[in-house]
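A.B. asks: Structure provided below as C-alpha cells; questions to follow.
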C-alpha cells in the first residue's frame, strides 16, 4: 500500500509543476484583463509596472517560487478577472462540480449495471441486441453534443427544465424547496453525462454476468433450490461487481473532465465554467488553481476507488508486497 501511495504522490507533484507551466504556454497576455479598455492609452513603463506588481515580469524560476509559496499558504491571492479571492471561487465551484459528478456517476453505475445484467440474462435475444446497439450508439456521441440536444429540446423548446445555472436566480428558497430547486437544475446535466457514460459499466457487467452464470457453483445453487433472486444478488452480482470497480477507477477522471464540458453548455457554476472564464481572460493564478483542484479531485477519487477495490479483492494487497 505504501508503494501505491508513493505513486499517487509522484503524480501529484507532476500535476503541481505542470499546472504552473501550462497556463504560461497559452498565447496572449493577461495585460488586457488587468488594465481593461485603457490598455492602448498606457505607456510601456506603466504596463510593465502593472505586470511587476503581479510578479509577471520576474524570471520564470522566481514566479515558480511565488507559486509554491502561495500554494502552501492560506492566501492564494486574487483572481485577475473576477477580482475575488481564488479560494472562495474554487470552494464554491468545486462543490457544484463534485455534486454533478457524483450524482452522474451513481446513476451511471446503477443503470449501466442493471442494463448489463438484464442484457446478459436475455442474451441472444432482441432485447439484448437493442441494449447493445443503444448503449454503443450513445457512447459514440460527444457529451457536449448530447448536452446541446437536451438543452435545445427539453430546455429551450419544451421548457420542461431550466437552461442554465445550478439554482433559480433571485430566489430566496430554503430547506427542502432549495434542495428540490437544485435537483431540478441538475436533471439535464446529469442526464447528458449518464447517457454518454453507460457503455463501460454495461459491457463490463454483461461480460461478468455471462461468465459467472455458467460457473459450477451457480448450477449447484439452482439444483439445491436456491431462489433465483438470491442467486442473482448474492452469487452473481456480488462477484460481477468487482470488475465494475475497475471501470469506476478508470471512469472517475473521465466523469470529472466530462462534467467540465457539460458545465460550459449549461452555464453550471462549477470548475468548468470557472476554468473557461480563466482561460479566456489569461488569468494565470485562477487557471493554475482551477486545473490543480480538478486534478487533485481526480487523484483523490482514484485513490479512494483503489482502496475500495482492494477491500473487495484482498488478494491485490499481497500482489503489491511482491
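A.B. asks: Estimate the FRET efficiency between residue 75 and residue 304 by the formula 1/(1 + (r/R0)^6), using the beta-carbon distance for r and 35 Å for R0, to the nearest 0.05.
C.D. replies: It comes out at approximately 0.75.
A.B. asks: Between residue 91 and residue 210, 0.36 nm times their residue separation minus their Cα-Cα distance comes to what?
C.D. replies: My answer for the length gained is 38.4 nm.
A.B. asks: Another question, if that's okay. Multiplying the sequence separation of residue 98 and residue 169 by 0.36 nm and subtracting their Cα-Cα distance, what value in nm do you get?
C.D. replies: 23.5 nm
A.B. asks: Now for a different question. Of the listed peptides 83-94, 293-304, 262-273, what is their order by residue-averaged count of other C-beta atoms within 10 Å, with the highest listed first?
C.D. replies: 262-273, 293-304, 83-94
A.B. asks: Provide the packing ranking of 180-188, 275-283, i.e. peptides ordered by the mean count of other C-beta atoms within 10 Å per residue, highest first.
C.D. replies: Put in order of decreasing packing, that is 275-283, 180-188.
A.B. asks: Right, next: Tell me, 241, 60 in order of fewest to most beta-carbon neighbours within 10 Å?
C.D. replies: 60, 241
A.B. asks: Highest mean first, what order results for 156-164, 105-113 on Cβ atoms within 10 Å?
C.D. replies: 105-113, 156-164
A.B. asks: Would you compute the Debye intensity of the range 87-196 from its alpha-carbon atoms alone, equal scatterers and no solvent, and pass along log10 I(q)/I(0) at q = 0.13, 0.14 Å⁻¹ to two decimals?
C.D. replies: After summing over all Cα pairs, the log10 values are -0.63, -0.71.
A.B. asks: For an R0 of 25 angstrom, estimate the FRET efficiency from the Cβ-Cβ distance between residue 58 and residue 14 and round to the nearest 0.05.
C.D. replies: It comes out at approximately 0.60.
A short reminder: the numbers here are calculations on the coordinates, not readings from a lab. Computed from a prediction, not measured in an experiment: that's the story for all the values here. All Cβ positions, even for glycine, are placed from backbone atoms using ideal geometry, and neighbour counts span all protein chains on display.
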